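> Just passing along the structure, written as structure tokens.
The values are calculated or read from the model by the stated rules, or taken from the named source; none is laboratory data. Everything quoted here is computed from the prediction, not taken from an experiment. Backbone-built Cβ (ideal geometry, glycine too); neighbour counts: all protein chains shown. The protein model used for the area step is the full one, side chains on, heavy atoms only, and it has no ligands, DNA or RNA in it. Shrake-Rupley method; radii C 1.70, N 1.55, O 1.52, S 1.80 Å.
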Amino acid sequence: MEPLPAPARPSAPAEAGVAVRRRPRAAAAGAVLLVGLLAGCGVRLEAPPAAEPVPDAHEVVRRTAVSDALLVADGAEVALEEVPADRKRLVDELTRIVADSRAQAEALGGEYESGLASGEPTGAQSSAWDKADPADVVKALEDAAARSRTAAGTTTDGPLARLVASVGAAQTVSAQRLAALARVDGPDVVVPEVPAPTGSGRAAEEASGSPSPSGSDDGDTAEQEEETRDATVPEGLTAHDLSTLVVSEDATRYALQLRAAIGSGDRRERLLERVAQHAERADGWAAVAGTQATAQDPRRAAYAVPRVADLGDKGLVLDLENDLATDYATLVGTTTAGTRSVLVDLLVDSAVALDDWGATPVPFPGLPEQAGD
């Protein structure tokens, strides 16, 4: 029996295997060479450029308020260049408006900077104020205050609403002060009224569809819509909130009424006018709370009042109105968006009253934490 032949050497398959294993290396080397050639020709494989993020509703409110504040500041600076130096009060007022407006913009977070090229020329915002006079600044303040009022009433960000409402109140005060010094028309400020709870007063008429004596003309539609919006009872007020408002308004009424009783002339009339407003608001909030003329009504027959020698008429009014401004600013930040417009207006009203009685204007009325040293 012949031996079996020795198995053939697998030279060809082995060599083939070596050749297969070497092909990836050759491909990789070729890719490196290709990249090098492309790099030498100036061709780059790059990621798409970063896009500007789209702002949400809160950021739009913030940016708008910042833009308004900076626009006012820039306009006031331009107007200062045209005002004669001998008109010192006007110069001082414009200078204060510049400082307060820039402080407001900073408190709101300042201008947004993404670090991306915007394509807008440098200084585009300031070009709107190549020329300005005090009347232009009054208009800018009036417009900014109106936008702030709307934004504060509608944004769902409570702390932002509180800040924007305060800035809007300050802008209203500044517009009135500057208008008086420049002898131009200032903004109209509506005296707010506490809305009647559903089921009474105008609210009941609107709910039942009964015609209102003052709303028969088609031309009054916009005014009616504004009144309806302002007639909304703020949602989110707690029983404690309402009790505090009733007592605060009634205590203010009581203190001013006592001071008016020992006063005379125009000062007495001014006090009595404010007494009537605070009495009406105390009644209104008690009605909203459902405690008016009940055993749960928190109002008292008398309140502790500072002595005349301690504060005087002006000091008493400023002390009381400042407390109310703080209360209303606080509640703007805790109540429901779309229902708090009357609280925003009451903050503005207190800020205007403070100015009427000689308070030093501040950039953030109702926000004690923003007060300077």
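> What figure, in Å² to the nearest 10, do you get for the accessible area of LYS139 with a 1.4 Å probe and non-protein molecules left out?
Counting only protein heavy atoms, LYS139 exposes about 100 Å² to solvent.
> While we're looking at this one, here's another question. Ordering ILE97, ILE262 from largest to smallest accessible area (1.4 angstrom probe), what's the sequence? Don't skip to the end; give the middle numbers.
Numbers: ILE97 0, ILE262 120 Å².
Output order, biggest surface exposure first: ILE262, ILE97.
> Quick one: putting +1 on the C-beta of Lys and Arg, -1 on the C-beta of Asp and Glu, what dipole do you get for the stretch 283-373 around its Cα centre, in Debye to the nearest 20?
Numbers: 5 positive and 14 negative charges, 62 e Å.
Around 300 debye, computed over the stretch 283-373.
> Would you kindly state how much longer the chain becomes between ASP133 and ASP92 on full extension, computed as 0.36 nm times their sequence separation minus their alpha carbon distance, in nm to one decimal?
Working: separation 41, 0.36 × 41 = 14.76 nm, distance 1.45 nm.
Additional length available on full extension: 13.3 nm.
> Rounded, prolate or oblate for the stretch 57-196? Axes are the square roots of the Cα gyration tensor eigenvalues, ordered a ≥ b ≥ c, and the cut-off for rounded is a/c under 1.5. Mind dumping the intermediate values first?
Numbers: a/c = 2.26, a/b = 1.10, b/c = 2.06.
It is oblate, given that a/c is not under 1.5 and a/b is not larger than b/c.
> I would also like to ask the following. Using alpha-carbon pairs under 8 Å, 6+ residues apart, how would you state the relative contact order of the stretch 268-360 in percent?
Worked out over the stretch 268-360, it gives 24 percent.
> Determine which lysines satisfy two conditions relative to LYS314: a Cα distance under 27 Å, and not lying fewer than 8 residues away in the same chain.
Those lysines meeting the cut-off are LYS88.
> So which lysines pass the test for LYS139, namely a Cα distance under 18 Å, with those fewer than 8 places away in the same chain ruled out?
Hits, sequence-local ones excluded: LYS131.
> I would also like to ask the following. How far apart, in nm, are the 7 Å Cα→Cβ label points at GLN370 and ILE262?
Output for this residue pair reads 3.6 nm.
> At 1.4 Å probe size, with no ligands or nucleic acids counted, give the accessible surface of ARG268 in Å², nearest ten.
Accessible area of ARG268: about 90 Å².
> A further question on this structure: Stretch VAL191-VAL54 to full length: gain in nm at 0.36 nm per residue minus the Cα-Cα span?
On the way: separation 137, 0.36 × 137 = 49.32 nm, distance 3.82 nm.
Result: 45.5 nm gained on full extension.
> On to the next question. Give me the accessible area of TRP129, 1.4 Å probe, in Å² rounded to the nearest 10.
30 Å²
> For TYR254, TYR112, TYR328, what's the largest-to-smallest order of accessible area, 1.4 Å probe?
Numbers: TYR254 45, TYR112 90, TYR328 0 Å².
Ranked list, largest accessible area first: TYR112, TYR254, TYR328.
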